[in-house]
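Note sheet for the following structure.
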Amino acid sequence: MNVCVLLGSLRKASFSGMLANALMSLAPSSMEPEVVEIGQLPFYNQDLERLIDPPPAPWTAFRQRVKAADAVLFITPEYNRSVPAVLKNALDVGSRPYGSSVWDRKPGAIVSGSPGSIGAFGANHHLRQSLVFLNVPTMQQPEAYVGHVHKLFDQHGKLINDDTRKFLQQFMRAFANWVETIRS
Ligand code: FNR
């Protein structure tokens, strides 16, 4: 099961990146998760689609990569109670040209995280709003709003909270079951 992992943060010491590493290491053996970079994608602009042939190479590579995957896992912080622009841009790039969206029927799951106490709930649910339209069957339970994320890792980015480890492992097992269910 090939899983694209998309991160809503570009910074090197990102807690979302640490969450991603933890989640990938806790995934069941049936899953092969891989982070797919999105920071290099030019901002979506319909003119580039219509007027330039072929469209920007990073768009094409990204579309092909997501299309080939069995599932997609979004790991995101919250920016101003919503989805960081880099992640929204990746959604938009993958959604076009019209009729060729790479998201259609691709099973997905969301983990949101924040140093704050509500675990980027706003970003998580704004993302869900787009995924409804994009026809991504998104796992509903368990939900994952990881609060106080800055306290869960050591200075090397290693997860140091046992309860969180257990929860993230259960989350990945549930996601694997979800992907199987949707694919069958
Ligand atoms: C934030 N942050 C933030 N946190 C939150 O819980 N809700 C919010 O709405 C926002 N808004 C916000 C906007 C912008 C522009 C920045 C840069 C930050 C704080 C954010 O959660 C924190 O910086 C995280 O550490 C960002 O995630 P990464 O980069 O560590 O993955």
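Based on what the data block shows, is residue 126 closer than 21 Å to residue 24 by Cβ and open to solvent by 70 Å² or more (accessible area, probe 1.4 Å)?
no
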Exercise. Quick one: residue 156 ticks every box in (1) within 10 Å of the ligand (Cβ to nearest atom); (2) surrounded by fewer than 19 Cβ atoms within 10 Å (Cβ to Cβ) bar one, so which box is it?
Worked result: (1)
For this session: May I ask you to say which residue of 91, 159 is over 22 Å from residue 38 (Cα atoms) and touching a helix residue (DSSP H, G or I) at 6+ places or on another chain (Cβ under 6 Å)?
Result: 159
Exercise. Aliphatic (A, V, I, L, M), closer than 20 Å to residue 41 by Cα and assigned to a loop (DSSP other than H, G, I, E, B) - does that describe any residue in the range 103-125?
Worked result: no
Exercise. How many residues are in contact (Cβ under 8 Å) with a residue 40 or more places away in the chain and either among the hydroxyl-bearing types (Ser, Thr, Tyr) or open to solvent by less than 20 Å² (accessible area, probe 1.4 Å) (or both) when one looks only at the range 132-151?
Worked result: 3
Exercise. When only residues in the range 45-76 that are in a loop (DSSP other than H, G, I, E, B) and touching a strand residue (DSSP E or B) at 6+ places or on another chain (Cβ under 6 Å) count, which is farthest from the ligand (Cβ to nearest atom)?
Worked result: 70
Problem set entry | Single residue of 9, 16, 30 found to be within 13 Å of the ligand (Cβ to nearest atom), touching a residue at least 12 places away in the same chain (Cβ under 8 Å), closer than 30 Å to residue 181 by Cα and assigned to a loop (DSSP other than H, G, I, E, B) | 9
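The values are calculated or read from the model by the stated rules, or taken from the named source; none is laboratory data. Predicted model only: the values in this text are computed from it and were never measured. Methodologically, a virtual Cβ is constructed for each residue, glycine included, from the backbone with ideal geometry; neighbour enumeration extends over all protein chains shown. Heavy atoms of the whole protein, side chains included, go into the accessibility calculation; ligands, DNA and RNA do not. Shrake-Rupley method; radii C 1.70, N 1.55, O 1.52, S 1.80 Å.
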